[in-house]
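These notes concern the structure reproduced below.
The values are calculated or read from the model by the stated rules, or taken from the named source; none is laboratory data. As the structure is a prediction and not an experimental result, all values here were calculated from the model. Here the Cβ positions follow ideal geometry from the backbone for every residue, glycine too, while neighbour counts run over all protein chains shown. The protein model used for the area step is the full one, side chains on, heavy atoms only, and it has no ligands, DNA or RNA in it. Shrake-Rupley method; radii C 1.70, N 1.55, O 1.52, S 1.80 Å.
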Amino acid sequence: HYQTLFIDDELLLCDCPGLVFPSFVSTRGELIINGILPIDQMRDYTEPINLCISHIPKIVFQMIYGIEFPKPAEEEDPDKPPTAERLCSVYSLSRGYMNHRGMPDVNRGSRYILKDYVNGKLLYCYPPPHIENTDSFQEHRYE
């Protein structure tokens, strides 16, 4: 429950364990990648994985996991980020995670990727509010 503690006349500490205000987080995917909802209980991996892909460049996934994405077709942009399905498929194939039909177990792969994101192996730092160019804020981390 919501607790308050008066530190002094000008400072009030508000503790709200387990409570997340909607103004900070708006979707289930954001709740998952911010470590608020448990990854092992998620039903759909697409939204949280897409959020990870929007934060982490494709080359970082390749370097950290030692994976290689299939070459894009001639009409496709080679720098286009992978889809959630493709990232989880390639990751699962590289680790040997297969389902009972012999296909890559994308649900299992997505859980491992999301746990790495939440635990900081796939590092992303949210920029302060006054930063306008968020791409350059993270750029130095990937060199």
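Key figures
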{"quantity": "Residue check, Pro38 open to solvent by 50 Å² or more (accessible area, probe 1.4 Å), at pLDDT 90 or above and not aliphatic (A, V, I, L, M)", "calculated": "yes"}
{"quantity": "Residue check for Ser26: hydroxyl-bearing (Ser, Thr, Tyr) and either in a helix (DSSP H, G or I) or on the phi > 0 side of the Ramachandran plot (or both)", "calculated": "no"}
{"quantity": "Residues of the stretch 106-124 that turn out to be open to solvent by less than 50 Å² (accessible area, probe 1.4 Å) and touching an Asp or Glu at 6+ places or on another chain (Cβ under 8 Å), as a count", "calculated": "2"}
{"quantity": "Whichever residue in the stretch 126-137 is over 18 Å from Pro48 (Cβ atoms) and in a loop (DSSP other than H, G, I, E, B) and, among such residues, is most open to solvent (accessible area, probe 1.4 Å)", "calculated": "Glu132"}
{"quantity": "Any hit, the stretch 29-40, residues being under 13 Å from the mean Cα position of the chain (by Cα) and either among the small types (Gly, Ala, Ser) or on the phi > 0 side of the Ramachandran plot (or both)", "calculated": "yes"}
{"quantity": "Of all residues in the stretch 79-105 being farther than 22 Å from Leu122 by Cα and part of a loop (DSSP other than H, G, I, E, B), the one that is most open to solvent (accessible area, probe 1.4 Å)", "calculated": "Arg101"}
{"quantity": "Scope the stretch 37-67; condition within 16 Å of Pro104 (Cβ to Cβ) and either touching a residue at least 40 places away in the same chain (Cβ under 8 Å) or not in a loop (DSSP other than H, G, I, E, B) (or both); matching residues", "calculated": "Tyr45, Thr46, Ile49, Phe61, Tyr65"}
{"quantity": "Total residues in the stretch 8-18, condition modelled with pLDDT under 75 and surrounded by 10 or more Cβ atoms within 10 Å (Cβ to Cβ)", "calculated": "1"}
{"quantity": "Search result, residues across the stretch 68-127 that are among the aromatic types (Phe, Trp, Tyr) and free of Cβ contacts under 8 Å to residues at least 24 places away in the same chain", "calculated": "Phe69, Tyr97, Tyr112, Tyr126"}
